[in-house]
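**Q** Take this structure, written in structure tokens, and hold onto it; I'll ask about it next.
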Amino acid sequence: MADLDVVVVGAGPSGMAAAAQARAGGLRVALVDQQARIGGAYWRHHPQDAVAEESAAHHDWATFRRIAGRLDGVELLLAHAVWALEPVDGGFVVRAARGEVAREPVRLEASSVVVATGAHERVTPFRGWTLPGVMTAGGGQALLKGTGVVPGHRVLIAGSGPLLLVVADGLLRAGVDVVAVADTGHPTAYGLRPSSWSGIVSRMGEAAAYTRTLARQRVPFHAGYRVVEASGDGRVERAVIASRGGRRREYDVDALLVSHGFTPQLELLVGAGAETLVDHDGSLVVAVDSEQRTTVPGLLATGEVTGVGGASLAILEGYVAGRTLAGGEVRPSLHERIAVHRRFARAMHGVSGGRPDVLADLPDAELVCRCEEVTAGEIRSACRDLGVDDARGAKLMTRAGMGLCQGRMCGRAVSDLAALASGRPADDGTAPRWAARLPALPVTLDQLAAERHPDAG
Ligand SMILES: Cc1cc2nc3c(=O)[nH]c(=O)nc-3n(C[C@H](O)[C@H](O)[C@H](O)COP(=O)(O)OP(=O)(O)OC[C@H]3O[C@@H](n4cnc5c(N)ncnc54)[C@H](O)[C@@H]3O)c2cc1C
């Protein structure tokens, strides 16, 4: 008999909602997160801030307070990194490492598990993208929110999707000179996608506020432009963006923040045997039914791991999972709201989705896999000379994706480069299943040894 009814992995908006709802249904619930505080990527905290002082820095803070207030009776296991999830007879074993330095092994048993591990940011490589001072937009935001340090004083923000405006707004409030925002998509294209209109209505207020802030501070917004080059002496000093038609604009900067969307963190789910599918934005996501159940009995998934769609959708899915586990009925209106958000997410991917062909002009010498120092040229020659035609082949032949991050950063780019060089489409279901690798997070060998031999010191 498991100690717990449910372990929820990930205390972001979705995991918090799932845990609160399952607890409200009378279940014994543990909520586990590798970070020291709840809130995930959406409600990332300044470590020294008292909760009461934080509201100004966050969107939707009232929702955080409301869900957090419903976690009474939930066992909170923070600073616990889950590195394996194992289906066993009648439930699951969840293996975690507690603490940051001397990490102590923790083993949990539960009848059911909800995985809400979110997504990490994706950057499509471009000329000079590894220069110091170039970082992800969310990384720059996390630096500001988490430590109060600004990523730079003259900053260009480039890439695709709504996160660019959110980050620009945060930096402007912190007194940073945002020299421009460049989005590969055209926000006006939402107008051509009527299915997304109902989802847009709820976001119009927020979008209008960001647009006003940019206009007030005279920050140019370049729609249809992508970042093509970062250059400088030892760190980024200039950034170039270009339109599809070849029009170029150059900015002097001391930081360049880039984001091309998100990659769901599926390691635990894939390791436990859950089926996946390729979403509209080309990313691998876990397959779930309308109750958030994966194909593994007792294993549910919510939030960005089921498809990138934003915090509101993640919360709704969390509620559905919690209710499902507690045996409660899920109101049809909840499903309708989820459908509205999904339609909007689909439109958002269509409007801002990256095109793999932008990698065609990436110079051969440019690094793609930073951990193993594999260049674009090495991947191309593996395709040309060794018959490689997908990301897995590129990994085996070049070591791209074999380093510390296990392809989390470069996986999509390697896959797109292999597709471009070989002519075989990247999104035909052979998208990189590198996520299948356990452990989900780095663990020490002595921890692994202790897991195999529980009596070992
Ligand atoms: C860098 C970044 C910045 C963003 N900024 C904004 C923004 O400003 N505004 C906005 O509207 N949306 C933003 N988003 C999107 C928004 O955060 C998401 O839509 C929302 O947070 C999704 O909720 P979630 O619960 O699915 O995932 P998350 O909020 O990502 O939560 C996942 C949680 O799981 C934990 N976790 C992951 N793996 C493990 C593991 N193996 N063991 C233990 N814990 C684990 C993580 O620590 C995290 O707390 C941002 C996303 C990212 C990645």
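**Q** Once a ≥ b ≥ c are taken as the square roots of the eigenvalues of the Cα gyration tensor of region 123-260, is the result rounded (a/c under 1.5), prolate (a/b larger than b/c) or oblate (a/b not larger than b/c)?
**A** In terms of gyration-tensor shape, oblate.
**Q** Turning to a different aspect of this structure: Compare the peptides 401-413, 76-88 by average per-residue count of other Cβ atoms within 10 angstrom and give them in order, highest first.
**A** Going from most to least packed, we get 401-413, 76-88.
**Q** If you take the alpha carbon radius of gyration of the chain and divide it by 2.2 N^0.38 Å, what ratio comes out, to two decimals?
**A** Dividing the Cα Rg of the chain by 2.2 N^0.38 Å gives 0.97.
**Q** Using a basic spin-label model with each label point 7 Å from the Cα along Cα→Cβ, how many nm lie between D252 and R107?
**A** In this crude spin-label approximation the distance works out to 6.2 nm.
**Q** Simple spin-label model, 7 Å along Cα-to-Cβ: V278 to D361 in nm?
**A** About 2.6 nm separates the two model spin labels.
**Q** Moving on. Within the chain, which cysteines find no other Cys whose Cβ is under 4.7 angstrom from their own?
**A** That list is C371, C383, C405.
**Q** List every DSSP H helix in the chain whose Cα atoms extend 24 Å or more along the helix's own long axis and whose mean Kyte-Doolittle hydropathy is at least -0.5.
**A** Taking the DSSP H segments of the chain (at least 24 Å long, mean hydropathy at least -0.5), we get 197-216, 332-352.
**Q** Give me the Debye-computed log₁₀ of I(q)/I(0) at q = 0.28 Å⁻¹ for region 356-426, equal point scatterers on Cα only, no solvent, two decimals.
**A** Cα-only, vacuum Debye calculation for region 356-426: -1.35.
**Q** For the chain, what does the helix formula give at 222 nm: sum of -39500 (n - 2.57) over DSSP H segments with n ≥ 4, over the residue count, nearest 500 deg cm²/dmol?
**A** That comes out to -9500 deg cm²/dmol.
**Q** Quick query: amide H of V258 versus all other amide H atoms, modeled in the peptide plane; which residues come in under 5 Å with a sequence gap of 5 or more or a different chain?
**A** Here the answer is M135, T136, A137, A158, since their amide H atoms fall under 5 Å of that of V258.
**Q** Which of the peptides 37-45, 255-263 is most tightly packed, and how do the rest follow, judged by the mean count of other Cβ atoms within 10 Å per residue?
**A** The densest-packed peptide leads the list: 255-263, 37-45.
**Q** What does the highest-first list of 142-152, 123-133 look like by mean Cβ count within 10 Å?
**A** 123-133, 142-152
**Q** Need one number: nm distance between label points at E86 and A207, each 7 Å from Cα along Cα→Cβ, rounded to one decimal.
**A** Reported label-point gap for E86 and A207 is 4.8 nm.
**Q** Can I ask one more? Taking 0.36 nm per residue of sequence separation and subtracting the Cα-Cα distance, how much length would be gained by fully extending the chain between E291 and T444, in nm to one decimal?
**A** Gain on extension, E291 to T444, equals 51.5 nm.
Each reported figure results from applying straightforward, stated rules to the coordinates on display, with no laboratory input. Everything quoted here is computed from the prediction, not taken from an experiment. In this analysis, Cβ positions are derived from the backbone assuming ideal geometry, glycine residues included, and neighbour counts consider all displayed protein chains.
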